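Accompanying notes for the structure given below.
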Amino acid sequence: MTAVTPVTFDATDINQIATQEGRIAVFIDPEGRLDAGARRVNKLTKGALTRMIEGAKFGKSKAGDALVLAYPVGMAADAVDVVHLPRNASVIQARKAGASLAKVRGTADMLMLAAGLRRTAEIVFGLVMRDYGFEDHKSDPKERAGALRVMCSKPDEVGADAAPLLAIAEGAFMTRDLTNAPANVLTTTAFADQLVAMKDLGLKVEVLDEDALAKLGMRTLLSVGQGSDSPSSVVVMSWNGGTKDAPPLALVGKGVVFDTGGISLKPAAGMEDMTMDMGGAGVVAGVMRSLALRKAKANVVGLVGLVENMPSGNATRPGDVITSMKGVTVEVINTDAEGRLVLCDVMWYAQERFKPAAMVDLATLTGAIIIGLGHENAGVFSNNDDFCKAFMKAAEVEGEGAWRLPLGQGYDDLIKSRIADIKNTGGRAAGSVTAAQFLQRFVKEETPWIHLDIAGVASVKSETALAPAGATGWGVSALNRLVSDMFEKD
Ligand code: BES
Ligand code: MN
Ligand code: ZN
């Protein structure tokens, strides 16, 4: 797995600043006085820092931007990175400051002069999250970013604030690595193996193989994977950090390791992007990893349906009718609408087995959500306003775009089948809503439920606030916050 930047925290010792090599970061509140570290840098450079701050470039910069003072005279450092950050900066601005530093530093070591700075842990989080690169398949991989040392007045406190954030970053890195991985490498089996390895972190992990799934009656899930040589499986991860016997939050992820479309084959152009069709399962894995690393005081179960959607002589055909685990019969109109066939069985199983307090499913489910919301927001669907509001708030605080869309009888009518109970597509109109409507057929009345369609946000072609191009890890932060807001109250 791509390693998270090592970070250390120690007490401010401004006597070290002159001889420190690598890069030094200072934070400037344009309205306020220089802190101890900035004053020291200014003195060593005979006022270069104040000249920069008074200059036009800094004047035009925005909160979170970093400007570079290269080869500062009087110092051993290669550069002083001057960050524009108001004292009352928001979490998002602080993270942006960290990301700016990650970009200007490249792979160099960095000393951060944080003195009594607020939101230091959030700055560190932003920096660490942006220090990511997927180099697994480069024969000459880029060097990993160097160490980060944070000098501050209360290193123990800041270190304690940063620890859970670093756990979230590790989870997000797992999500990104999984989502970026090619499908010949990340087969269903390799995916399951990586989840089983998380037993070392104190998670309970159980793999249900094809025989076990057949016994349980997960026929719609199996119908998706039956054209592939890679075996289908469901992996169940449990983290029991909460009160004994308190019903868990259930997270359910679509883990289609590659989506060719099946017999309803996708066109060639862009098909290579379907390596990310396990993004929902990747987020579930990343959240479970973070929860274990930060020893969350909550009960959470994560279930992923791992399959590969391939055409073959024994693949499911359009027109086939399959009986789901719930007993609802499904007419397969289009074998490319496979995600819902995987999720419906796993969601039903999650509710039957765990009687969860609430359930969130994540899936790169529809191309239509990209048409509607682009790459800025995931689509959010829910049967419960309070639960949905709690999630929307968590996503907003974390800067992870999310936009709620409707459900309703009129949309449900679109998936009625002539020959079976329902069909797996509802036509072109409101494609993301009819997909959500399909899933809702498998949600019990009493289960507060959120469906997140992450097809537009799981992996993107250009960089985002905290990630380079490629897999983003969208959702790991918001779901961690949802867990702490709703399930770790005491
Ligand atoms: N995995 C795709 C959705 C997708 C599209 C994810 C683009 C990421 C980027 C999904 O399985 C799919 O193929 N959906 C179809 C549904 C249709 C056949 C009803 C779609 O969106 O075209
Ligand atoms: Mn598909
Ligand atoms: Zn798919």
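Below, the figures for the structure above:
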item: Any chance Gly367 is more than 16 Å from ligand 2 (Cβ to nearest atom), closer than 23 Å to Asp273 by Cβ, more than 16 Å from the chain's Cα centre (by Cα) and in contact (Cβ under 8 Å) with a residue 40 or more places away in the chain; result: no
item: Residue satisfying condition, being more than 20 Å from the chain's Cα centre (by Cα) and more than 16 Å from ligand 2 (Cβ to nearest atom), within set Gly319, Gly282; result: Gly319
item: Complete set of residues in the stretch 90-101 that are of a type outside the set (Ser, Thr, Tyr) and buried (at least 23 other Cβ atoms within 10 Å of the Cβ); result: Ala94, Arg95, Lys96, Ala97, Gly98, Ala99, Leu101
item: From the options Leu407, Leu466, residue that is at pLDDT 95 or above and either charged (D, E, K, R) or under 22 Å from Val283 (Cα atoms) (or both); result: Leu466
item: Selection count where residues are of a type in the set (D, E, K, R), farther than 15 Å from Val287 by Cα and in a helix (DSSP H, G or I), scope the stretch 190-211; result: 4
item: Residue among Val104, Val68, Val80, Val73 that is surrounded by 20 or more Cβ atoms within 10 Å (Cβ to Cβ) and among the aliphatic types (A, V, I, L, M); result: Val80
item: Scan of the stretch 431-473 for residues that are more than 12 Å from ligand 1 (Cβ to nearest atom), in contact (Cβ under 8 Å) with a residue 40 or more places away in the chain and part of a loop (DSSP other than H, G, I, E, B), ordered by number; result: Arg441, Phe442, Val443, Lys444, Thr447, Pro448, Ala465, Leu466, Pro468, Thr472, Gly473
item: Selection within the stretch 212-226 - in a helix (DSSP H, G or I) and aliphatic (A, V, I, L, M); result: Ala212, Leu213, Ala214, Leu216, Leu221, Leu222, Val224
item: Selected residue (criterion: surrounded by the most Cβ atoms within 10 Å (Cβ to Cβ)) from residues of the stretch 221-271 that are within 15 Å of ligand 2 (Cβ to nearest atom) and under 21 Å from the mean Cα position of the chain (by Cα); result: Gly255
item: Matching helices (runs of 4 or more DSSP H) fully within the stretch 1-101 where at least 3 residues are over 26 Å from Ala465 (Cα atoms) and among the hydrophobic types (A, V, I, L, M, F, W, C); result: 36-44
item: For Thr107: the one exception among (1) hydroxyl-bearing (Ser, Thr, Tyr); (2) more than 27 Å from Pro164 (Cβ to Cβ); (3) in a loop (DSSP other than H, G, I, E, B); result: (2)
item: Residue that is nearest to Val360 (Cα to Cα), among those in the stretch 294-307 that are open to solvent by 20 Å² or more (accessible area, probe 1.4 Å) and either in contact with a Gly (Cβ under 7 Å, 6 or more places away or on another chain) or within 15 Å of ligand 2 (Cβ to nearest atom) (or both); result: Lys297
item: Residue within the stretch 134-145 that is at pLDDT below 95, among the small types (Gly, Ala, Ser) and crowded, with 23+ Cβ neighbours inside 10 Å present; result: yes
item: Matching residues, the stretch 118-133, being of a type outside the set (Phe, Trp, Tyr) and either in contact with a Ser or Thr (Cβ under 8 Å, 6 or more places away or on another chain) or crowded, with 24+ Cβ neighbours inside 10 Å (or both); result: Arg119, Thr120, Ala121, Ile123, Val124, Gly126, Leu127, Val128, Met129, Arg130, Asp131, Gly133
item: Of all residues making up the stretch 125-170, the number that are touching a Leu at 6+ places or on another chain (Cβ under 7 Å) and assigned to a helix (DSSP H, G or I); result: 8
item: Criterion (open to solvent by 10 Å² or more (accessible area, probe 1.4 Å), away from ligand 3 (no atom under 16 Å from the Cβ) and within 24 Å of Ala192 (Cβ to Cβ)) met by exactly one of Met325, Met288; result: Met325
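The values are calculated or read from the model by the stated rules, or taken from the named source; none is laboratory data. This is a predicted model, so every value here is computed, not measured. When we count neighbours, we look across all protein chains shown, and the Cβ atoms used for this are built from the backbone with ideal geometry, even at glycine. For accessibility, only protein heavy atoms count, side chains too; no ligands or nucleic acids. Shrake-Rupley method; radii C 1.70, N 1.55, O 1.52, S 1.80 Å.
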